[in-house]
Amino acid sequence: MTTTAGFLVVPPLDLAPGTLLVAVGPGASGKSTYADTVAADAVVCLDSLRREIGGDEGDQSVTPAAVERQNALLEHHLGAGSTVFLDSTNVEPHVRAQLVERARRHSRPIVALRFLPDLDTCLTRNAQRPPNRQVPPDTLRWQHQLAREATPDALLREGFTAVHHIEPTSTGATVSSDVLAPARISDAVAVLRKAQEGDEGARRDLAEFFPEYEGLVMQTDHARYLEHAARAGLVATHLLILEAGRWLASVDTYTSDFELPLASVALGDYASRTEAIRETVRAATDNGWALAPEHQWSDFDCGGGEIHIPIHARPTAV
């Protein structure tokens, strides 16, 4: 794996000259941020083209004209032998098929870059955008589902010559939108388990997954992480935060020192405390956890309200 200006690239990116790099990911998944650092001769961004044509990058009415301009630019760059990064969602198979055919006509390699933070992260980032750039939540959910279906195997079958997963590296913030690739979950959980058992070597190895013990590394595959964590008997807590009238539910995993949470699984946001607790109970019991009795729960005042509910793995019959 390689790290490039705040992004982890798995496997490492080794490009032939003249490659067409195609982002595949929902809105608010980090594509444009990555575009600022990508090693390409040119970047073609659909949002920027909408702004050039209509004066507003969020104006969907000019999308057909922007796509026409995008395709003309791709023809120019591919014809010139330039390495070009296409910054748009490209989550629909028929859109990718046209790009594969375009690269094939120019005898150029075409590489897919998958951007797939968990849905809650995308929704949160989207809500922080200016109103004109926000994707309707239902559309974002649809994009995210299509991006999940665009697995590496599926993309290779479509004709892509290589597929890479792009994820941000740790920012060191107390709470961040960093993600842990699904393929790395079992390894991270194994290291966490050893660290909780007092293995000093494992505690040092944690930096590979959770740099300097800081930052909440958001999981991209909730069920898989919870299942692995429960099987390993990790120490964890449900964290329910009341924010702007909504209850945001997550599961955080700790090391044996209990100083900082390292991994966080965002379960969603709910209209009431009762609904949030019901969903956290469901997530726990469905994935091998058991909740502590209610008298062990802890309430905190964090400018809105916060509840810690200890959870633990159910005993496994020998």
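The values are calculated or read from the model by the stated rules, or taken from the named source; none is laboratory data. Just so it is clear, the structure is predicted and the values come from calculations on it, not from any experiment. With ideal geometry, Cβ positions are generated from the backbone for all residues, glycine too; neighbour counts draw on all protein chains shown. Note: accessible area is taken over every heavy atom of the protein model, side chains too, but ligands, DNA and RNA are not part of it. Shrake-Rupley method; radii C 1.70, N 1.55, O 1.52, S 1.80 Å.
Glu158 to Glu75: extension gain in nm, 0.36 nm per residue of separation minus the Cα-Cα distance? Spell out each step's value before the answer.
Working: separation 83, 0.36 × 83 = 29.88 nm, distance 2.02 nm.
Gain on stretching Glu158 to Glu75: 27.9 nm.
Put simply, the amide H of Leu116, placed in the peptide plane, has neighbours under 5 Å in Ile166, leaving out anything fewer than 5 places away on its chain. Remark: the range 116-128, residue by residue, has Karplus-estimated 3J(HN,Hα) of 8, x, 5, 4, 4, 4, 4, 5, 5, 4, 4, 5, 8 Hz, where x stands for each Gly or Pro and the curve is 6.51 cos²θ - 1.76 cosθ + 1.60 at θ = phi - 60°.
Of the listed residues Leu206, Leu119, the order by accessible area with a 1.4 Å probe, largest first, is Leu119, Leu206.
Phi angles of the range 86-93 translate, via the Karplus equation with coefficients 6.51, -1.76, 1.60 and θ = phi - 60°, into HN-Hα couplings of 9, 9, 7, 5, 6, 8, 8, x Hz per residue; Gly and Pro are given as x. Taking 0.36 nm per residue of sequence separation and removing the Cα-Cα distance, the Ala16/Arg141 pair yields an extension gain of 41.6 nm.
Which of rounded, prolate or oblate describes the range 13-168 when judged by the alpha-carbon gyration tensor and an a/c cut-off of 1.5? Could you put the intermediate results ahead of the total?
On the way: a/c = 1.71, a/b = 1.24, b/c = 1.38.
It comes out oblate by the Cα gyration axes.
A full extension of the chain between Ala223 and Thr274 corresponds to an added length of 16.2 nm, given 0.36 nm per residue minus the alpha carbon distance.
Using the Cβ-Cβ distance between Arg51 and Gln128 with R0 = 22 Å, the FRET efficiency computed as 1/(1 + (r/R0)^6) comes to roughly 0.70.
Binning all Cα-Cα separations of the range 68-110 at 10 Å, short to long from zero, yields these whole-percent fractions: 27, 63, 10.
Projecting label points 7 angstrom from Cα along Cα→Cβ for Glu200 and Ser186 puts them 3.0 nm apart.
About the centre of its Cα atoms, the range 1-158 shows a dipole size close to 160 debye [charges on the beta carbon of Lys, Arg (+1) and Asp, Glu (-1) only; nearest 20 debye].
Highest mean packing comes first when the peptides 156-163, 86-93 are listed by Cβ atoms within 10 Å, giving 86-93, 156-163.
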